[in-house]
Amino acid sequence: MSNMNEFTPDLFTLTDEEGKEHVFEFLDSIEIDGTNYYALTPHYENPEELLNGDGELVILKEDPNNDENDPENIALISIDDEEEFNRVGQILLNRVNAMFDDFEEDEFDDDDEDEVEIS
């Protein structure tokens, strides 16, 4: 029987300029002006590493020169333009925060608690 609270994150393995692989959890994506942007956070296998992590949010965009014939191999690049990064980063940050706010409300709904009368 499957536990309803189990969560399997969508993982992205990214290779940096030095050829080193890093694993990230996909949080959200959005298309703005024809460009796809992704909000990711580092993935930790060990829960203790997650607790000790800094909760870093990584925002990358899809490389416009990406080979569209290979949808399994998306090329993501950093956003070098500060104005673009700030604009897109704020949109994705707001979306991710709203997503977690909705999750917390669903997970800890006060209506599920038994009322206790004190006399």
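Could you grab me the full set of residues in the range 52-90 that are modelled with pLDDT of 90 or more, out of contact with any Phe, Trp or Tyr (no Cβ under 8 Å at 6 or more places or on another chain), hydrophobic (A, V, I, L, M, F, W, C) and not in a strand (DSSP E or B)?
Matches in the range 52-90: F85 only.
For the range 13-22, does any single residue satisfy the condition of being modelled with pLDDT of 90 or more, assigned to a strand (DSSP E or B) and within 20 Å of V96 (Cβ to Cβ)?
No; the residues of the range 13-22 include none that is modelled with pLDDT of 90 or more, assigned to a strand (DSSP E or B) and within 20 Å of V96 (Cβ to Cβ).
The values are calculated or read from the model by the stated rules, or taken from the named source; none is laboratory data. Keep in mind the model is a prediction, meaning the values are calculated, not measured. No Cβ is skipped: glycine too gets one built from the backbone with ideal geometry, and neighbour counts run over all protein chains shown.
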